[in-house]
Amino acid sequence: MKTGLLVGKFAPLHKGHQFIIDLALHEVEELIIMIYDSSDVTNIPLNIRADWFNHLYNGHCRSEHPSMTIIEAWDGPPDTGTPKAAKLQEDYILKTLKRRKIDAFYSSEFYGEHMSKTLQAVDRRVDIDRVKWPISATKIRNNPYFNRKYLDPYVYKDFVTNVVFLGAPSTGKTTLAEAIAKKHKTTWMPEYGREYWEKHQVDRRLTPEQLVELAEGHLRREDRQLYSAYKYLFTDSNALTTYIFSMYYYNAVHDQLKVLADECQKRYDLVFVCDTDIPYDDTWDRSGNGNRQIMQKMIIADLIWRKIPFHIVNGSVEERIKQVDQVLLGHKKFLGKQDG
């Protein structure tokens, strides 16, 4: 068979879907994936769901695998299960494909029969009774955290709100991240920079190349923590912090660190800056309160320059937790701030 077609909302893409996809990739030369917008079902935008496929398949396809074509069906008709709806679906798919020849229609649903007849294609229904993967997208949407085992980590991260705490040294980031994670019964991401610095520093300094290693190591650990998080991941510092350290000590930034810092603009859902209103903890691994004030100004200026929205939190740990919770209360992932 030359060309296969798989249609769905993929809200979310789960391992049951991937079971069908992997089978199709070994049976056809080209697999077309048509993804419906379905904003009535999920608030995860269509382009993000399409990115799941591009990352997991097109970004890592082996040469012996067929090509995968993604079609973003922004104007796809609703699926109501009626004969009229079925006809709308058939007409829409034929129009979108421009009557391109489809050899096999892949699904695990009842509509595989009528769509295959319409396309004059092989009805390739897979795991109809959900024996191999006893899960549905509806069950996952109802409780994505409980059902995370059915999701690739790259997909699951889009169900977690990644909250990052920035600020100069000794502004309470670690204390706040750990305390609020405990309150919300989730995990937190400690600052990897401190651990790396203690192992590799020479005369209390790291080279520009080591700062890149530090930032990359933090990201790898953060990705692992995202998969274990429940609803929120509270992250202590990120590559923007490392970028500021490089600017402060070298007045220059390694090209790869610039890339990692730029990626922070779309990696985090909420950004908080911890204020300098708490006493400075003058430990041997820090450079003094004067440096703290300068770095704080540099961090805030950098966020403004990058046009990254942020919230400043101050006061005691309890007061800071209340301020963060107030923002979390009005925030819905992918929808931003909500009224009320």
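The values are calculated or read from the model by the stated rules, or taken from the named source; none is laboratory data. Remember, predicted model here, so these are calculated numbers, not experimental data. Note: areas computed on protein heavy atoms with side chains; ligands, DNA, RNA excluded. Shrake-Rupley method; radii C 1.70, N 1.55, O 1.52, S 1.80 Å.
Numbers at a glance
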| quantity | calculated |
| --- | --- |
| Members of Lys139/Lys333; Lys183/Lys332; Lys231/Lys258; Lys185/Lys297; Lys199/Lys322; Lys95/Lys117 lying beyond 25 Å, as alpha-carbon distances in this model show | Lys231/Lys258; Lys185/Lys297; Lys199/Lys322 |
| Helix-only [θ]222 nm of the chain, DSSP H runs n ≥ 4, -39500 (n - 2.57) each, per residue, nearest 500 | -13500 deg cm²/dmol |
| Three-way shape label, segment 176-308, alpha-carbon gyration tensor, a/c 1.5 | rounded |
| Whole-Hz ³J(HN,Hα) from phi, Karplus 6.51 cos²θ - 1.76 cosθ + 1.60, for segment 42-58, glycine and proline x | 9, 8, 7, x, 4, 5, 6, 5, 5, 5, 4, 5, 4, 6, 7, 10, 4 |
| Set of aspartates and glutamates near Lys132 by C-alpha distance (under 20 Å), chain-local residues within fewer than 8 positions excluded | Asp22, Glu27, Glu109, Asp123, Asp152 |
| Under 5 Å, built H, 5+ apart or other chain: amide partners of Asn162 | Leu233, Asp269, Leu270 |
| Accessible surface, per residue, of the chain when the full set of protein chains is kept, probe 1.4 Å, Å² | 51 Å² |
| Under-5 Å amide H pairs with Ile312, H placed in peptide plane, nonlocal only | Val273 |
| Derived scalar couplings ³J(HN,Hα) [segment 243-258; Karplus, 6.51 cos²θ - 1.76 cosθ + 1.60; whole Hz; x for Gly, Pro] | 4, 5, 4, 5, 5, 5, 8, 10, 6, 7, 9, 4, 4, 5, 5, 4 |
| Per-selection Kirkwood Rh - the chain (Cα, Å, 1 d.p.) | 22.7 Å |
| Shape category assigned to segment 235-326 from the gyration tensor of Cα positions, a/c cut at 1.5 | oblate |
| Placed amide H near Met189: partners under 5 Å, 5+ positions off or other chain | Phe234, Thr235, Asp236 |
| From phi via Karplus (6.51, -1.76, 1.60), per-residue ³J(HN,Hα) for segment 268-280 in Hz, x at Gly/Pro | 10, 7, 9, 10, 10, 10, 7, 6, 9, 7, 9, x, 6 |
| Residue of Ile93, Ile180, Ile304 that the Gaussian network model of the chain assigns the largest fluctuation, springs spanning Cα pairs under 10 Å | Ile304 |
| Percent carbon-and-sulfur accessible area, the chain, ignoring ligands, DNA and RNA, probe 1.4 Å | 52 percent |
| Rounded tilt (10° steps) of 15-25 against the dominant C-alpha axis of the chain | 60 degrees |
